[in-house]
Amino acid sequence: MAKNIQSLERAAAMLRLLAGGERRLGLSDIASSLGLAKGTAHGILRTLQAEGFVEQDSASGRYQLGAELLRLGNSYLDVHELRARALVWTDDLARSSGESVHLGVLHQQGVLIVHHVFRPDDSRQVLEVGAMQPLHSTALGKVLSAYDPVAHSEAVEVERQPFTPRTVTGLADFESLLDMTRARGWAADVEETWEGVASVAAPIHDRRRMPVGAVAITGAVERVCADGELRSELVAAVRDCARAVSRDLGAGRF
């Protein structure tokens with residue numbers, strides 16, 4: 001069995017100590033409570049402080065939890081709430097459309113799949129929760145890039161890889177796609193990422209009316225498209241699902 005890394009264990013214990021009891025603790029208190037030498041405790045605190053996980057009061061010199069932990073915690077809660085609010089609606093969408101449904105959020109220059117509802121048939125399928133998708137070619141990625149300024153920056157500042165002959169890689173053309181996405185409220189991916197696969201996605205907003213994710217239907221081109229275009233009833237269903245989840249998150253009507 002692999003051994004745990006002692007310095008990380010000590011840092012975790014330090015964060016737990018600061019999270020309970022008194023709001024602020026001095027170096028001596030922290031070192032004594034954890035059975036550490038002051039020099040060791042100070043070194044860990046300095047590292048945590050540099051990363052924003054711990055803050056030091058300039059007047060008293062005492063330590064408290066930092067804002068970065070709050071940001072990470074809110075990120076987890078946002079994703080957890082998004083998934084929880086979307087469960088019923090995405091199940092309904094998969095059942096009514098007969099296709100797979102994915103829920104995605106921005107993560108590390110891509111789209112992280114946080115929920116996946118299988119196509120409601122007996123075919124063999126692979127769970128894609130935790131998988132990453134590109135921003136520039138997928139329907140989920142285009143929606144996030146169109147509505148989220150951070151996602152937009154991530155998508156335009158990197159080289160956009162061509163996955164198929166249909167992938168849009170030029171900056172001007174990509175920006176035009178995002179303009180179209182914002183104008184109509186949804187994005188498409190027809191064989192731009194995977195041959196034979198089409199997808200349509202719509203944005204999900206929170207109570208601050210900020211984009212927090214996107215939902216998409218994905219399936220074979222011959223089922224998702226008709227006469228070379230995405231089936232209008234599937235587009236409407238995806239948009240209705242996104243609006244319903246947004247309302248449950250407190251966004252109101254869109």
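The values are calculated or read from the model by the stated rules, or taken from the named source; none is laboratory data. No experiment lies behind these values; they were computed from the predicted model shown. Neighbour counts run over all protein chains shown; Cβ positions are idealised from the backbone, glycine included. What goes into the accessible areas is simple: the full protein's heavy atoms, side chains included, and nothing from ligands, DNA or RNA. Shrake-Rupley method; radii C 1.70, N 1.55, O 1.52, S 1.80 Å.
Selection over region 1-40 of residues that are part of a loop (DSSP other than H, G, I, E, B) and either at pLDDT below 85 or open to solvent by less than 50 Å² (accessible area, probe 1.4 Å) (or both) gives a count of 12. Test Gln108 against the stated conditions and say whether it is closer than 28 Å to Arg207 by Cβ, of a type in the set (S, T, N, Q) and modelled with pLDDT under 90. Yes; evaluated as a whole, the condition is true for this residue.
Can you find even one residue in region 170-190 that is within 15 Å of the chain's Cα centre (by Cα) and not small (Gly, Ala, Ser)? So that I can check it myself, show each step before the final result.
First, pick out the residues of region 170-190 that are within 15 Å of the chain's Cα centre (by Cα): none.
No.
Would you confirm, using the coordinates I've provided, whether Ser58 is open to solvent by 70 Å² or more (accessible area, probe 1.4 Å) and without any contact (Cβ under 8 Å) to a residue 60 or more places away in the chain? Considered against the rule, which asks whether it is open to solvent by 70 Å² or more (accessible area, probe 1.4 Å) and without any contact (Cβ under 8 Å) to a residue 60 or more places away in the chain, Ser58 comes out as yes.
Scanning region 232-250 for residues being within 18 Å of the chain's Cα centre (by Cα) and among the small types (Gly, Ala, Ser) gives a total of 2. With respect to the conditions (1) assigned to a helix (DSSP H, G or I); (2) in contact with a Lys or Arg (Cβ under 6 Å, 6 or more places away or on another chain), Gly43 falls short on a single one, namely (2). Per this entry, His115 is not counted among residues that are at pLDDT 80 or above and either hydroxyl-bearing (Ser, Thr, Tyr) or closer than 24 Å to Ser153 by Cα (or both). Contact annotation: residue pairs with Cβ atoms under 6 Å, 6 or more positions apart or on different chains, pairing a residue in region 132-148 that is assigned to a loop (DSSP other than H, G, I, E, B) with a partner that is among the acidic types (Asp, Glu) and at pLDDT 95 or above, are Ser137/Glu192; Thr138/Asp189. Sort out which residues of region 44-55 are within 13 Å of Ser7 (Cβ to Cβ) and either open to solvent by less than 30 Å² (accessible area, probe 1.4 Å) or more than 37 Å from the chain's Cα centre (by Cα) (or both), and write them in order of number. Across region 44-55, the qualifying residues are Ile44, Leu45, Leu48. Pairing residues of region 81-104 that are under 13 Å from Ala202 (Cα atoms) and in contact (Cβ under 8 Å) with a residue 60 or more places away in the chain with residues that are of a type in the set (Ser, Thr, Tyr) and in a helix (DSSP H, G or I), at Cβ distances under 7 Å and at least 6 apart in sequence or on separate chains, gives Val101/Thr90; Leu103/Thr90.
One residue alone among Ser137, Ser145, Ser153, Ser123 is among the polar types (S, T, N, Q), open to solvent by 20 Å² or more (accessible area, probe 1.4 Å) and within 16 Å of Leu177 (Cα to Cα), and that residue is Ser153. Listed by first and then second residue, the pairs with beta-carbon distance under 8 Å, at least 6 apart or on different chains, first residue in region 24-37 and under 20 Å from Ser58 (Cβ atoms), second open to solvent by 60 Å² or more (accessible area, probe 1.4 Å) and among the basic types (Lys, Arg), are Arg24/Arg62; Leu25/Arg62; Gly26/Arg62; Leu27/Lys38; Ser28/Lys38. The C-beta contact set for region 183-194 (first residue in contact (Cβ under 8 Å) with a residue 24 or more places away in the chain, second residue aromatic (Phe, Trp, Tyr) and open to solvent by 10 Å² or more (accessible area, probe 1.4 Å), distance under 6 angstrom, 6+ apart or interchain) comprises Thr193/Phe163.
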